[in-house]
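Structure record follows, encoded as structure tokens.
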């Protein structure tokens, strides 16, 4: 069966929780996890270092485009990081993920 996880970065926890709450309310994801991270990246020709928050959200494969569109609509970054990863898990967990959304 399988499902996807989507890795998304944000400037802060408040923004991450707001966007994930919208995805949950619209039943586009089954759950989300939050992690503080330190990022180093190139931005407009310069190396930047910043503290960010990552969310990992779990959803059905066919929700990818809807989740991506909703995140882009709500996200404050000019170029948000939204990465889709195909995954497999134990059967009961996959069943739960695939049955919690639209």
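The values are calculated or read from the model by the stated rules, or taken from the named source; none is laboratory data. Please read these numbers as outputs of a predicted model, since none were measured by experiment. Here Cβ is always computed from backbone atoms with ideal geometry, including for glycine, and neighbour counts include all displayed protein chains.
Listing for the model above:
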| item | result |
| --- | --- |
| Scan of segment 67-102 for residues that are part of a helix (DSSP H, G or I), closer than 19 Å to residue 16 by Cα and free of Cβ contacts under 8 Å to residues at least 24 places away in the same chain, ordered by number | 69, 72, 73 |
| In segment 1-40, the residues that are farther than 17 Å from residue 83 by Cα, in a helix (DSSP H, G or I) and free of Cβ contacts under 8 Å to residues at least 40 places away in the same chain | 14, 17, 21, 24, 25 |
| Residue tally, condition in a helix (DSSP H, G or I) and either without any contact (Cβ under 8 Å) to a residue 12 or more places away in the chain or in contact with a helix residue (DSSP H, G or I) (Cβ under 6 Å, 6 or more places away or on another chain) (or both), over segment 55-66 | 2 |
| Pick from segment 25-60, criterion out of contact with any strand residue (DSSP E or B) (no Cβ under 7 Å at 6 or more places or on another chain) and within 25 Å of residue 88 (Cα to Cα), ranking: surrounded by the fewest Cβ atoms within 10 Å (Cβ to Cβ) | 25 |
| Test: residue in segment 44-52 that is at pLDDT 95 or above and on the phi > 0 side of the Ramachandran plot | yes |
